[in-house]
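Notes follow the structure.
The values are calculated or read from the model by the stated rules, or taken from the named source; none is laboratory data. Since this is a predicted model, take the numbers as computed values, not measurements. So basically every Cβ, Gly included, is an ideal-geometry build from the backbone, and we count neighbours across all protein chains shown.
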Amino acid sequence: MAMTTAVTQKAVADGTAAAAMPPGYRAHKDDHLARLRKVEGQVRGIARTVEGDRYCIDVLTQVSAATRALQQVALGLLDDHLRHCLMDAAGRGPEDSRAKLDELSLALRRAVRL
């Protein structure tokens, strides 16, 4: 991988990757928080089903629903990142664009575990 990737990996790891700009999800923050609160409630519900000795398939169905809900949050955050952070970097020039693409590549690798 390119040297930019190594620099981006370090910046992502130490939290300095986006220190200079507000998060891309700012416009949809309330929506993301509402979805996360819903997921939080789903997870509490799953715990209650386990505590109540519910049938395994019922528990697994609820786990699947919570997983899908978290995936929707992740997709929303990814969309915000593409539309805000990457577009902003593209306007700043090729070096910033490459760095943001490297950052996105790392995030996608983590998301799909490749």
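Observations on the structure shown:
- The test for being surrounded by 13 or more Cβ atoms within 10 Å (Cβ to Cβ), modelled with pLDDT of 95 or more and either assigned to a helix (DSSP H, G or I) or under 14 Å from the mean Cα position of the chain (by Cα) (or both) does not hold for Lys100.
- Top-ranked residue in the range 19-32 [being among the small types (Gly, Ala, Ser) and in a loop (DSSP other than H, G, I, E, B); ranked as modelled with the lowest pLDDT]: Ala19
- Here is the figure for the range 66-97: residues that are exposed (fewer than 13 other Cβ atoms within 10 Å of the Cβ), within 11 Å of the chain's Cα centre (by Cα) and acidic (Asp, Glu) total 0.
- For the range 62-97, the set of residues classified as farther than 30 Å from Thr49 by Cα and either polar (S, T, N, Q) or not in a helix (DSSP H, G or I) (or both) consists of Gly93, Ser97, listed by residue number.
- Residue, farthest from the chain's Cα centre (by Cα), within the range 33-61, restricted to residues that are among the acidic types (Asp, Glu) and assigned to a helix (DSSP H, G or I): Glu51
- Per the listing Thr16, Thr8, the residue uniquely under 30 Å from Glu95 (Cβ atoms), β-branched (Val, Ile, Thr), modelled with pLDDT under 95 and surrounded by fewer than 13 Cβ atoms within 10 Å (Cβ to Cβ) is Thr16.
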